[in-house]
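Peer 1: Take this structure, written in structure tokens, and hold onto it; I'll ask about it next.
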Amino acid sequence: MKIDELKKILNAEVLTKGIDDNHEIENFCCTELMSDVLAFTNDGESTALITALSNAQTLRTADMVDIRVVVIVRGKQVEEKLIEIAEESGITLLRTKYPIFTVAGKLYQHINMESASEHK
Amino acid sequence: MSISKIYHLEGGNFSEAGMASSDIKKLLKKLGLPSNIIKKVAIAMYEAEINVVAHAYSGIMEVMIKPDEIFVSIEDEGPGIKDINMAMTEGFSTASQKVREMGFGAGMGLPNIKRNTDFMNLETEIDKGTKLKFGIKLSGE
């Protein structure tokens, strides 16, 4: 799905705009374990990181594996340093008020609906 | 032609942690290295940098970009590693609560470095510090 769609599904606010809204996201990583992001991200460019960890290291980690979209959940406040790093790295930083379970559910449902309609 | 860069790392300074790795990643991109190589270097360096910030008092990281490989050496002053075998085991961590709250301390650091490098050497002395060296080979062009 495009970043634009992702924003709509999650009712997300844009904290920093990095990459283009038409950019395609194919993989989703929901975690607070930064080493897991490093170990298990195959194609960062097409991955969105969804996390409750709202500190600067989230963005550093995302940047290390070329993740271009990060979604902070539960409407959490973010540190100024995180915004700085997002801007420097050209990462689109979004925030949604939904908790991570709801975010994962909404995205999963949307992907499955899309692929079900493609198979008709 | 070789390029060498040195970074000073401060234990406990999580807001600056990752700057060295980020700097090198940008440099490798500018030099036009293949993206799979850049990814391996970035991950290995970043994990090593976080290890110093999470566990040691201070450290020095030297990165040498040579025609056939990228060589990284990190020497820290710190408590050292009590059990290297355990430290290399996925899921084992001696990280403090503060480190875990940062999203680290899952016990994947050294295994991630090993997985992304062509060679790795770890030496440690209790109550003195740790020396980690690793390298990623560049395919000859």
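Peer 1: Gap in Å between the Cα centre of the range B:57-106 and the Cα centre of the range A:27-88?
Peer 2: So the two Cα centres are separated by 21 Å.
Peer 1: How many percent of the alpha carbon pairs in the range B:17-107 exceed a separation of 22 Å?
Peer 2: Values: 1348 of 4095 pairs.
The answer is 33 percent, as a whole percent.
Peer 1: One-quarter of the Cα convex hull surface for the protein assembly as shown, in nm²? Write out the running numbers ahead of the final one.
Peer 2: On the way: hull surface 59.0 nm².
Mean projected area of the Cα convex hull: 14.8 nm².
Peer 1: Quick check for the range A:3-118: number of Lys pairs with alpha-carbon distance under 21 Å, counting only pairs 8 or more apart or on different chains?
Peer 2: Going through the range A:3-118 pair by pair, I get 15.
Peer 1: Moving on. List the residues of the range A:35-83 for which accessible area in the full set of protein chains is at least 20 Å² lower than for the chain on its own; 1.4 Å probe, protein heavy atoms only.
Peer 2: A:Ser35, A:Leu38, A:Ala39, A:Leu53, A:Asn55, A:Gln57, A:Arg60, A:Asp63, A:Met64, A:Val65, A:Asp66, A:Lys81
Peer 1: Treating the Cα atoms of the range A:1-116 as identical point scatterers in vacuum, please give the log10 of the normalised Debye intensity I(q)/I(0) at q = 0.10, 0.14 Å⁻¹, two decimals.
Peer 2: So the normalised log intensities are -0.24, -0.48.
Peer 1: Calculate what fraction, in whole %, of the accessible area of the range B:70-136 sits on carbon and sulfur atoms when a 1.4 Å probe is rolled over the protein chains. All intermediate terms of the calculation are to be shown ahead of the outcome.
Peer 2: Working: 1640 of 3530 Å².
It is 46 percent, rounded to a whole number.
Peer 1: Quick check on chain A: helices-only [θ] at 222 nm, where DSSP H runs of length 4 and up contribute -39,500 (n - 2.57) each and the sum goes over total residues. Nearest 500, please.
Peer 2: Working: 5 runs with 53 residues, N = 120.
Result for chain A: -13000 deg cm²/dmol, rounded to the nearest 500.
Peer 1: Add +1 for every Lys or Arg and -1 for every Asp or Glu among the other residues with Cβ under 9 Å from the Cβ of B:Glu123, and state the total. Write out the running numbers ahead of the final one.
Peer 2: Numbers: positive: B:Lys131, B:Lys133; negative: B:Glu125.
Residues near B:Glu123 contribute +1 overall.
Peer 1: Roughly how many Å² is the accessible area per residue of chain B, as a whole number, for a 1.4 Å probe? The partial results should precede the final answer.
Peer 2: Working: 7190 Å² over 141 residues.
Heavy-atom accessible area per residue stands at 51 Å².
Peer 1: Treating cross-link reach as a plain straight distance, find the aspartates and glutamates whose alpha-carbon is under 12 Å from the alpha-carbon of B:Lys5, omitting any fewer than eight places away in the same chain.
Peer 2: B:Lys5 reaches B:Asp23, B:Glu62.
Peer 1: Using a 1.4 Å probe, what is the accessible area per residue for the range A:3-118, in Å²?
Peer 2: Values: 5180 Å² over 116 residues.
For the range A:3-118, the solvent-accessible area averages 45 Å² per residue.
Peer 1: Where a Cα-Cα gap under 16 Å defines reach, which lysines qualify for B:Lys39, not counting those fewer than 8 residues away within the same chain?
Peer 2: Result set, ordered by chain and number: B:Lys25, B:Lys26, B:Lys29, B:Lys30, B:Lys114, B:Lys137.
Peer 1: Using only protein heavy atoms and a 1.4 Å probe, how much accessible area in total is buried between A and B, to the nearest 100 Å²? Spell out each step's value before the answer.
Peer 2: Numbers: alone 6570 and 8080 Å², together 12830 Å².
Summing both chains' loss of accessible area gives about 1800 Å².
Peer 1: Among residues other than A:Gly44 whose Cβ falls under 12 Å from its Cβ, what is the net charge (Lys/Arg +1, Asp/Glu -1)?
Peer 2: Values: positive: A:Arg68, B:Lys25, B:Lys39; negative: A:Glu26, A:Asp43, A:Glu45, A:Asp63, A:Asp66.
Within the 12 Å Cβ shell, the charges total -2.
Peer 1: To the nearest 10 degrees, how steep is helix A:80-89 against the longest Cα principal axis of chain A, on a 0 to 90 scale?
Peer 2: Orientation of helix A:80-89: about 70 degrees from the principal axis.
The values are calculated or read from the model by the stated rules, or taken from the named source; none is laboratory data. In this text the structure is predicted, and so the values were computed from the model without any measurement. With ideal geometry, Cβ positions are generated from the backbone for all residues, glycine too; neighbour counts draw on all protein chains shown. Heavy atoms of the whole protein, side chains included, go into the accessibility calculation; ligands, DNA and RNA do not. Shrake-Rupley method; radii C 1.70, N 1.55, O 1.52, S 1.80 Å.
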